[in-house]
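Please read the structure below before turning to the comments.
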Amino acid sequence: MTVFCYKIYLTFIVFLYLNITGIGQAQVIPEGIPESIDLLPSSLVYEDQSASLKIADLIKKDELDEIEPYQKDKHLSYSFTSSTIWVKTVISNPTNKPQDRYLGSIRPELSRFNMYLVDGSKVTKTWLGGASTRADERAESTRLNVFRVSLAPNSQQTYYFEIRAILSLSLVLESLSPSEYVKKYQIADATHFFYAGTMFSLVIYSLFFYLSLKDIDFLFYSIFGILITASDLVYSGFLEYWGLNFSTIDSHDDAITIIGLTSVSVMVYVLSFFRVKLLSKYLYYGGLAFIPVLLFAVVYSFERSPESGKLIQDLQGVAILYCISVGSYAWYKGNGAAKYFVTGWGIFSVAVIIWMMGNEGVIDKNFVIASAPLFGNIVEMVLTAVALSYQFNRMKEDQFQKEIATAESDSMRTLVQVVCHDIANPLGIILGSHSIATRFKDADKQEKCWERVGRGGEAIEAIIDQVRRMAAIRSGKQKIKLVEINMAKAFEEVRFVLGDRAAKKGIHLVFNCADDVVVMAELTALVHDVLNNFVSNAIKFSDSGTSIILKAENKGKQVKVSVRDQGIGMPQSLIENLFSDSKETSRAGTQQEAGTGFGMPLAKFFIDTFDATLKVESKEKTETSTDHGTLFVISFKVPNPKHLSTKAVA
C-alpha cells in the first residue's frame, strides 16, 4: 500500500513537471498575446435572480444598457445562490494571423456553463457545458467548462456566458492559449486523481487493519475517507463526465448531501476514537446532540437549494471545530495520539477556511484556493492515520500490561487456592488427633495421636514450602525440579491423610503398587494436589460400602497411576469443564459435602508441570446400577535409567 501511494505521488510530480515546463507541446503563441488573459475586468455582468431569462432577453437588456460593468468587490463571488449570472465579453485578435483560444472557466463545479457567440442581436453559435450537462451533450468532451474558438486576424467577437451553480458560485473567466489550456486541464485532473488515489490508499489501509484487528475505529475512519473522497469526485463533476448514476446521487449538485454525511461520519469517528464518553460527559452529550442536527441538514439538502448548501457548509465548520476541541482536550489529558490528530485537523480547517473565503469573495478563488481543501484533507487523513496507529499501539501496550497484571493476579489466586485447599486435610488430622489425645489417659495411645499431629504439621510445612517455591517459579526466579518419587510411599501418604476420612464414611481404600514403581514429579504437589484431590473427590461422591482403588504400575515406556471409584459418576458436560478455573463445576457429595472447585484445576496444573498426561472416564449411576463410577489415569514417562541409581524420594 505504501508503494502504491509513492507511485501516485511520483505520477503527480511527473505530470506537474511535464505540463509546467511545456515538454511535448509544440503550440506557438503569436508575439504579444499572453497565454492566459483574465476576461472579467473588461466584461459586463448581470444577475438574473429569477433564473428564467434566455439569451435573447440578455441581448435586449444589453441594448437597454441594463448590464453593468464588472466590479470585483460585487461580482467576484455570489456564494450560495439560485441566481443565474450572465457575463458579456469581447475577444480580440490584434495579430495578422489566425488564433485559436480556449474561453471559459477552469472551475468544474459550475452546474450550468453555456457560451453564446453573438453577432449584433443574433446568436450564431452555442456551446453547452457545466457539471449538470451530460458529457455527450457538451461542446467539449472535458470536465472543465472551457470551449475552443477560432479568431480571424485583426478581428473581434462578442460572447455571452450563462453561469449557474447551486453549491457556490465564484466567477473565473479566462482566455487561454491551447498549451496553457492543456497544462491547466491536466494539472486539474492530475490533482483530483492524486487526491483520490491517496485517499483510496488510506481507505484500503484502514479497511485491512479493521478486518485484521477488528478495531471499529479503523472502520469509522474508512467510511469517513470514502465519503470525503466521493464528495470531491461528485462536486468536481465526475459523475456526469463518466456517465454514472446512483439513484439519489446522480449529479454534481448532490455533492452537498455527501458533504453533510461526511460531517456525520467524522463526528461518529471522533466520539469513538477518543472515547469521548469517558473523556468528558459535556463533549460527549454535546456531540450526540449535534449529530441529529447534521442528519436534519442532510435530509434538507435534498431540496438542492442555496439555503441548504449554506447550512451544510456552516455545520461542517461547526463539526470541524468540535473535532479540534475534542482532540485538544484529549491532548491536554495526555492522549499522545491527539497531537497528530489536532495538527492534521488544524491544517485541514485552515484549508477549508481559505476555500470558504474564496466562496464568499473575500479572496480570489484561483486554482490553489479551490484545491486547498484537497491538499489540507490529504495532510489531515495522513496524520489521522498516524494518530489511529499510535492509539492502537498504545491500546495494545495497555492491554499487554493488563494481561501481565491479570496473570500475576491469577498466579496469586492459584497460590491462595493451594494453601486453602491442601492445608485443609492435614489440619483436620491435627485437630482430630489433638481432640482424641486429650481424652486418652494411656501414654501409648496419646503418643500415637501426637505422632499423627506431628506428621500433619510436617505436611502443612511441606505445603507452605511448596507455595513459596511456586511463587518463585512463577516469577522466574526458580525452575521446578522433578525428582524420583516412590509411588508406594506416596500412596502411604495418601492413606495417612485420607484413611480416617474414608473409614468414617464406610469407604474402603485399596492400594495396589509394587515397591519399585517410580515417577518423576514433585512430592508435595503429587500427594496433596493430585492424588489427594482425586481420592478426596472419590470419597465425596461415593456411597458407604464401596471401594476406591489406587493403582500404580509400569506399562512399557510409561508409568500408569490410576484412581478408580464406584461413586455416582459425572456427566460428559461436567468432564469437559472439570479442569477449568472459570467454569462452575463444584457440586454436593453423596452426603451433601460441599466443595470449593479449586482442586481439579490445581491437579491438572501440576500434572502438566510433571510433563504427564491425564485421562478421565466416568459412568453415571443413573446409566447403570453396577459398572458406575469415575476413573482418573495419569501417564508418566518412565524415568531415565541414570536417575534410577539414586534413591527415590518418598
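Laboratory data are not the source of any read-out in this text; all were calculated from the coordinates shown. Keep in mind the model is a prediction, meaning the values are calculated, not measured. Positions of Cβ are generated from backbone atoms using ideal geometry, with glycine treated the same way; all protein chains shown enter the neighbour counts.
Quick rundown of the values:
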item	result
Approximate spin-label separation D608-N154, in nm, with each point projected 7 Å along Cα-to-Cβ	10.2 nm
Cut-off under 5 Å, modelled amide H: who pairs with A51 long-range	T84
Sparsely packed trypsin sites (Lys or Arg not before Pro) within segment 538-580, loop by DSSP, other Cβ within 10 Å at most 11	K557
Loop-resident sites, segment 117-152, for trypsin sites (Lys or Arg not before Pro), counting at most 11 other Cβ within 10 Å (DSSP)	R134
Of K54/K310; K214/K281; K88/K310; K61/K184; K125/K183, those spanning more than 31 Å from alpha-carbon to alpha-carbon	K61/K184
Filter on K396/K604; K505/K621; K489/K560 - keep pairs with C-alpha separation over 25 Å	K396/K604
